[in-house]
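Before any comments, here is the structure.
The values are calculated or read from the model by the stated rules, or taken from the named source; none is laboratory data. In this text, all values refer to a predicted model and were calculated from it rather than measured experimentally. Cβ: placed from backbone, ideal geometry, glycine included. Neighbour counts: every protein chain shown.
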């Protein structure tokens, strides 16, 4: 028997990202406010109940995404089978809408979707903290992609605290110039570049969000090492503000840049302007999760 399930896997932006010094274990301590957004991939998992050989097959509509065991979604699928001792073959297919290597957690969110689907398809019904423990071993952003909504992150990104938010008063436009950035290389550049500017407080961003206000003091450590080498991303950030965004920032290790607009029509006019320049512009909204 063939069982299958498809869900949307949502991207994320960083409203705040302060990267600390490199730790002895090679990771970096971070402080971050992460926001899930409505830009998404479609992830489908197919389970063949007649197979007894443990394995994962993967396909993706984007040729830049590896279709072997290097793929984060494939790693998540195999980790799930190994964790619960399941001898079965699964097939994962990804309809890619989120740009690759863009600082939007595109790979991580696909991996999170696979864990969520397999938890259902195999009737494991593991609690969220158990799935997050599997995810944290494979990528720092995957646990957040499982939880979604708005979260703060600390430690190496694995300590997540959901943030209760009202309806957020902004509309988002994400632009990507099409030049991917290697996250490990971005961290290496940070290690070589000392901080010279004052770093705003994460609490300022949190307070604004929790009050339902437009967050103003956004910050991303990676901007100081990525933007100087990516002139197009720097120009997009300037254009975003000129086209009506209240604030603009690079997401994650880049080079995607987002703008927050108070008015959806202004956001859509900005998208049209970027379209005219041949720049990929993706309108989306913040995903709000109810917290008890």
>> When you check residue 17 against the structure, is it surrounded by 17 or more Cβ atoms within 10 Å (Cβ to Cβ) and within 22 Å of residue 150 (Cα to Cα), yes or no?
In response: yes
>> Looking at region 42-61, can you tell me whether even one residue there is within 27 Å of residue 283 (Cβ to Cβ), out of contact with any strand residue (DSSP E or B) (no Cβ under 6 Å at 6 or more places or on another chain), at pLDDT below 95 and not assigned by TED's automatic domain parsing to the domain that holds residue 280?
In response: no
>> Checking residue 97 against (1) farther than 30 Å from residue 206 by Cα; (2) modelled with pLDDT of 95 or more; (3) not in a strand (DSSP E or B): exactly one of these is not met. Which one?
In response: (1)
> residue 68: free of Cβ contacts under 8 Å to residues at least 40 places away in the same chain and closer than 19 Å to residue 109 by Cα, yes or no?
Replying inline: yes
>> Only one of 25, 82, 69 is modelled with pLDDT of 95 or more and loosely packed, with under 15 Cβ neighbours inside 10 Å. Can you tell me which?
In response: 82
> Are any of the residues in region 191-213 closer than 28 Å to residue 77 by Cα and either outside the structural domain of residue 79 (by TED's automatic domain parsing) or free of Cβ contacts under 8 Å to residues at least 60 places away in the same chain (or both)?
Replying inline: no
>> With the requirement that a residue be surrounded by 19 or more Cβ atoms within 10 Å (Cβ to Cβ) and out of contact with any helix residue (DSSP H, G or I) (no Cβ under 7 Å at 6 or more places or on another chain), what does region 247-269 give you?
In response: 249, 251, 252, 256, 258, 260, 267
> Under the condition of being modelled with pLDDT of 80 or more and closer than 29 Å to residue 243 by Cα, which residue from region 171-194 is surrounded by the fewest Cβ atoms within 10 Å (Cβ to Cβ)?
Replying inline: 186
> Within region 184-202, how many residues turn out to be assigned to a helix (DSSP H, G or I) and either touching a helix residue (DSSP H, G or I) at 6+ places or on another chain (Cβ under 7 Å) or over 14 Å from residue 30 (Cα atoms) (or both)?
Replying inline: 7
> How many residues does region 203-242 hold that are in a loop (DSSP other than H, G, I, E, B) and either in contact with a helix residue (DSSP H, G or I) (Cβ under 8 Å, 6 or more places away or on another chain) or farther than 20 Å from residue 178 by Cβ (or both)?
Replying inline: 10
> Here are some conditions: (1) in a loop (DSSP other than H, G, I, E, B); (2) buried (at least 17 other Cβ atoms within 10 Å of the Cβ); (3) over 16 Å from the mean Cα position of the chain (by Cα). Residue 53 meets all but one. Which one does it not meet?
Replying inline: (2)
